[in-house]
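S.K.: Below are the structure tokens for one structure; questions will follow.
Bear in mind these aren't lab numbers, they're just calculated from the coordinates by the rules spelled out. For clarity, every value in this text was computed on a predicted model and none was experimentally measured. Backbone-built Cβ (ideal geometry, glycine too); neighbour counts: all protein chains shown.
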Amino acid sequence: MDSSQRSRRFAIFSGLIGLAFLVLVSGFFNLQVLKRDYYLEISLHNFVRPVTRNPVRGLIFDRNGRLLVDNRPSFSAAVVPAHAKESTLFRLEEILHLSDQEVRKKLRRAPRFSPTIIRRDLDDSTRTLLEENQYFLPGFELNLDFKRYYPPEVNSPHIFGYIGEVSEAEQKRHPQYKAGDLIGKTEMVQVDDIMSVTETAGHLIDGFGTRSRAYVQVQNGCDHRCTFCIIPYGRGNSRSVPAGVVVEQIRRLVDAGYLEVVLTGVDLTSWGADLPGTPRLGDLVRRILKLVPDLPRLRISSIDSIEADPALIEAIATEPRLMPHLHLSLQAGDNLILKRMKRRHSRDDAIRFCHEMRAARPDLVYGADIIAGFPTETDEMFENTLAMIRDCGLTWLHVFPYSPRKGTPAA
Ligand code: SF4
């Protein structure tokens, strides 16, 4: 081989290497620069991130079944440093009235992929503002937790006594009790049967929240026995506050300057079943709107869609002062799991309800409670729940990982 042949081959070889290098560099450029956002998005959905969820603390009652210590939902603003953009931090500082130094100090040593709380216990207006802007705040999360709530009319339960679930040590001392039984926790009170509580006194009503929104508890306890739920064992059977008492309370709240009232209850749609004439929740809503004309906005908290009565459905469809937001207690979207939970609706019931209500009131938005990981739930069953979320058009979810409650059938 002469030298001209050698240099030609060398040139061809160098050209091939250069070409291969060019292909590699352009592939790298394509992945890292041109399609960066696409692959980043995919990778963000493909990793496991531990999130701490604190258990809800137990409720405390006195011997008459009166609630002494409750839990209330509390929302916190959290940031995942790895996902948060500069614009996210800037906007959050504005909304939460935090300085740049405060936010950066909190995030400096925070784990890159874990939500770090930058403001706890948000008031309702801040929370609503954050929810509205959530789409424009990548890396921001709204976390739900529970805080202790001491009803203002209850004084010093630790001195005067309270009842609670029997502990293991107490069970050893008093073998006649079984797990889940309620017994007196101090010498001042005795064993009580919460299921015998029938009181419907006005203390079930409470006005609190922001300066513009008040919560009025119109019902407590529950007659159902969903297999995962401990509530009926702690709060007893359903009791309703009479409509007259509710209306009077709301009048007082409106006089005090409240612009919005939220009706709450453990099983709100069962309101009225224990009252004379068995009125329904829809009757109560209509009565409030009629008798308190100065109330600008009425809202109902979580409801069981299958128990919504015709008057309530009509009120939602036609009353502009009734806010177009429903939080549904759905729990799952698979029929077998719903049956095992002893829920009273099927997946089709839930979807039909959402479609019919939205047809009647197009601006209606839905939230829902969902339990993930109920015993015997398979991936396929969970997929059914995901499909139901889409089919119902749910936009706001409270998703709870299943946690066994001692004494419940599911546990
Ligand atoms: S989940 Fe709701 S309806 Fe079922 S038992 Fe508990 S409080 Fe009652």
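S.K.: Over all distinct Cα pairs, what is the inverse of the mean 1/r for the stretch 286-411, reported as the Kirkwood hydrodynamic radius in Å?
M.R.: Hydrodynamic radius (Kirkwood, Cα only) of the stretch 286-411 equals 15.6 Å.
S.K.: A follow-up question, please. HN-Hα J couplings of the stretch 324-341 from phi, Karplus 6.51/-1.76/1.60, θ = phi - 60°, integer Hz, Gly and Pro as x?
M.R.: My calculation for the stretch 324-341 gives x, 9, 10, 9, 9, 8, 9, 6, 7, x, 10, 4, 5, 5, 4, 5, 5, 6 Hz in order.
S.K.: Taking the Cα centre of each part, how many Å lie between the stretch 344-411 and the stretch 257-283?
M.R.: Distance between centres, Cα-based: 23 Å.
S.K.: What is the calculated FRET efficiency for ASN54 to ALA411, with r their C-beta to C-beta distance and R₀ = 22 Å, to the nearest 0.05?
M.R.: Efficiency computed from Cβ-Cβ geometry: 0.70.
S.K.: On to the next question. Which of the pairs LYS147/LYS342; LYS85/LYS147; LYS106/LYS147; LYS105/LYS406; LYS172/LYS339 have their Cα atoms more than 32 Å apart in this structure?
M.R.: Working: LYS147/LYS342 29 Å; LYS85/LYS147 30 Å; LYS106/LYS147 22 Å; LYS105/LYS406 42 Å; LYS172/LYS339 36 Å.
Long pairs (Cα-Cα over 32 Å): LYS105/LYS406; LYS172/LYS339.
S.K.: Sorting check: for 289-296, 73-80, which peptide has the highest mean count of neighbouring beta carbons within 10 Å, and how do the rest follow? Working shown, then result.
M.R.: Values: 289-296: 13.9, 73-80: 19.1.
Packing proxy ranking, top to bottom: 73-80, 289-296.
S.K.: What percent does the relative contact order of the stretch 198-401 come to when contacts are Cα pairs within less than 8 Å and at least six residues apart?
M.R.: After rounding, I find 16 percent.
S.K.: Residues in the stretch 320-340 near a label at ARG91, defined as backbone nitrogen under 12 Å from the 7 Å Cα→Cβ point?
M.R.: None, by backbone N distance to the label point.
S.K.: Here is a follow-up. How much length is gained if the chain between ARG6 and ASN71 is pulled fully straight, taking 0.36 nm per residue apart and subtracting their Cα-Cα distance, in nm to one decimal?
M.R.: 14.9 nm
S.K.: Pull up all non-local amide H partners of ALA372: gap of 5 or more, or a different chain, and H-to-H distance under 5 Å with H placed in the peptide plane.
M.R.: PHE400, TYR402
S.K.: If the only charges are +1 at each Lys and Arg Cβ and -1 at each Asp and Glu Cβ, what is the size of the charge dipole of the stretch 198-401 around the Cα centre, to the nearest 20 debye?
M.R.: Its charge dipole is roughly 400 debye.
S.K.: Taking the Cβ-Cβ separation of PHE21 and SER346 as r and a Förster radius of 56 Å, what is the calculated FRET efficiency to the nearest 0.05?
M.R.: Efficiency for this residue pair is about 0.35.
S.K.: Separate question: Which whole-Hz couplings ³J(HN,Hα) result when phi for each residue of the stretch 234-248 is put into the Karplus expression 6.51 cos²θ - 1.76 cosθ + 1.60, θ = phi - 60°, listed in order with x for Gly and Pro?
M.R.: So the Karplus estimates, Gly and Pro as x, are x, 10, x, 6, 5, 10, 10, 8, x, 4, x, 5, 4, 4, 4 Hz.
S.K.: Once you have the Cα-Cα distance between ASN30 and GLU356, take 0.36 nm times their residue separation minus that, and quote the gain in nm to one decimal.
M.R.: Here the segment from ASN30 to GLU356 would lengthen by 112.6 nm.
S.K.: Something else now. Normalised radius of gyration for the stretch 77-147, please: alpha carbon Rg relative to 2.2 N^0.38 Å, two decimal places.
M.R.: 1.00
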